[in-house]
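Chemist: Submitted below is the structure of interest, expressed as structure tokens.
Bear in mind that the values in this text are calculations on the coordinates, not laboratory data. These numbers come from a predicted model, not from an experiment. Because the Cβ atoms are built from the backbone with ideal geometry, glycine has one as well, and the counts that use them run over all protein chains shown.
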């Protein structure tokens, strides 16, 4: 089921937004393995046909195919460390993990296909924590920093989520016009996703 949009008029505490795999039945794993094998074969054929030429990844040129996977794994590590810090009541440490993730991912913005969603997701979580702590200047700064150059990114759920948290921040500051505009940006992104190819069976869920 797709994540519910936040209710207007209040800052929400959403369920966690994750860049991680969910458990699935054995037949789903088998289908996924088959699909991955076919994708690998197609990639190999494409490389043979375009030897030496970087692949076009929707605005991102991925010269090292392992870099995207490494970035996702790095992001997961920072998010897990932040989860542990929050369970121990170390909120500043959790924020530091998100700042470290964004500092690492920012130079790769657009250079790896996964970079945009890693940045959008990390910025959303950090901005939300600042918002919950009433640190509105820091929250808005993080959200707007995460959206820099977003026009080069394809529509994604994580991009829409970041616009939503920015809307919540602006609403908290009393900027209702700005909040409405940001919710509008999120709606446009979600609509573009709906109008495109069918969504994955398990879309990413909102992160706290």
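Chemist: Suppose the chain between residue 148 and residue 74 were pulled fully straight at 0.36 nm per residue; how much longer would it get relative to their current alpha carbon spacing?
Modeler: On the way: separation 74, 0.36 × 74 = 26.64 nm, distance 2.13 nm.
Working it through step by step, the gained length comes to 24.5 nm.
Chemist: Here's a follow-up. 7 Å from Cα along Cα→Cβ at both residue 196 and residue 99: what's the point-to-point distance in nm?
Modeler: Taking the two extended label points, one gets 3.3 nm.
Chemist: Assuming 0.36 nm per residue, please report the length gained on full extension of the stretch residue 67 to residue 188 beyond their Cα-Cα distance. Could you put the intermediate results ahead of the total?
Modeler: Details: separation 121, 0.36 × 121 = 43.56 nm, distance 3.01 nm.
The residue 67-residue 188 span can extend by a further 40.5 nm.
Chemist: Taking the Cβ-Cβ separation of residue 172 and residue 87 as r and a Förster radius of 35 Å, what is the calculated FRET efficiency to the nearest 0.05?
Modeler: For R0 = 35 Å, the calculated efficiency reads 0.85.
Chemist: Let a ≥ b ≥ c be the square roots of the eigenvalues of the Cα gyration tensor of region 96-187; is it rounded (a/c under 1.5), or, if not, prolate (a/b larger than b/c) or oblate?
Modeler: Oblate, because a/c is 1.5 or more while a/b does not exceed b/c.
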